[in-house]
Amino acid sequence: MPDSRAIALDEIDRKLIALLQINARESVATLARHLGIARTTVNSRLARLEKSKVITGYGVRLGQRLLGGGLQAYVGIKAQPRSGKDIVRRLGAMGQVQQLCAVSGEFDYVAWLSSDSPEQLDQLLDQIGSLEGVEKTTTSIILSSKVDRGQPG
């Protein structure tokens, strides 16, 4: 069972995280050299950060070119009371939903969508809007990314 207590990050932890955000594939030896600490210390810090869920994974962010020049959009979703779990389950089953976040404010969820064409996006938005329990949606098509430091969730 993961440790749910808050973890205190020191300067070395923050520098280690920053280095991994630049290049998550960096070797432990290189990280240790940049930080001026032993490789075993880097390994133990990584293990602690992973166990405490500060670091939840390592991955690849796909560029727009790989996505085939298709459309990406954010859609705000307002759910009717007590329908959230079902909406999350249904959206999670849709392959074009890249990320789904619970948010505060006007909407209950914000979904990041990708599609191959405007027609496909239109069909997906119709599908989302017709889900039982979805009260309202508002869509913003992504024109370009001005700053990208990784996914928020």
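Here, each number is a calculation from the coordinates, and none is a lab measurement. Nothing here was measured: the structure is a model prediction, and the numbers come from that model. All Cβ positions, even for glycine, are placed from backbone atoms using ideal geometry, and neighbour counts span all protein chains on display.
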#### Entry: Most fluctuating residue given options Glu132, Glu11, Glu106, as computed from a GNM of the chain linking Cα atoms under 10 Å
Glu11
### Query
Non-local amide H neighbours of Glu135 (under 5 Å, H modeled in plane, Pro and chain starts lacking H): which ones?
Lys78, Ala79, Gln80
### Residues Met94 and Ser52, FRET efficiency given R0 of 35 Å [Cβ-Cβ distance, rounded to 0.05]
0.65
### Label assignment, Cα Rg over 2.2 N^0.38 Å derived from the structure, set [x] 1.00; [y] 2.15; [z] 1.30
[z]
### Task
Apply the Karplus parameterisation 6.51 cos²θ - 1.76 cosθ + 1.60, with θ equal to phi minus 60°, to every residue of region 108-122 and state each ³J(HN,Hα) to the nearest whole Hz, in sequence, with x for glycine and proline.
8, 9, 10, 10, 9, 10, 10, 8, 7, 7, x, 5, 5, 4, 4
### Task
Return the FRET efficiency for the residue pair Arg82, Arg33: r is the Cβ-Cβ distance, R0 is 41 Å, and the value is rounded to the nearest 0.05.
0.15
### the chain: most fluctuating residue of Val88, Val97, Val54 per GNM, C-alpha cutoff 10 Å
Val54
### Task
Note down the relative contact order for the chain as a percent, whole number, built from C-alpha pairs under 8 angstrom at least six residues apart.
24
### Query
Across the chain, how many lysine pairs separated by 8 or more positions, or lying on different chains, have Cα atoms within less than 30 Å?
11
### Query
Once both axes come from the Cα atoms, what is the angle between helix 11-22 and the longest principal axis of the chain, in degrees from 0 to 90, rounded to 10?
50
### Message
Can you classify region 11-51 as rounded, prolate or oblate using the Cα gyration tensor, where a ≥ b ≥ c are the square roots of its eigenvalues, rounded means a/c under 1.5, and otherwise it's prolate if a/b beats b/c and oblate if not?
### Response
rounded
### Query
Given the C-alpha centroids of region 120-147 and region 1-60, what is the distance between them in whole angstrom?
36
### Message
Can you compute the modelled spin-label distance between Ala102 and Val147, with each label point 7 Å from Cα toward Cβ, in nm?
### Response
2.7
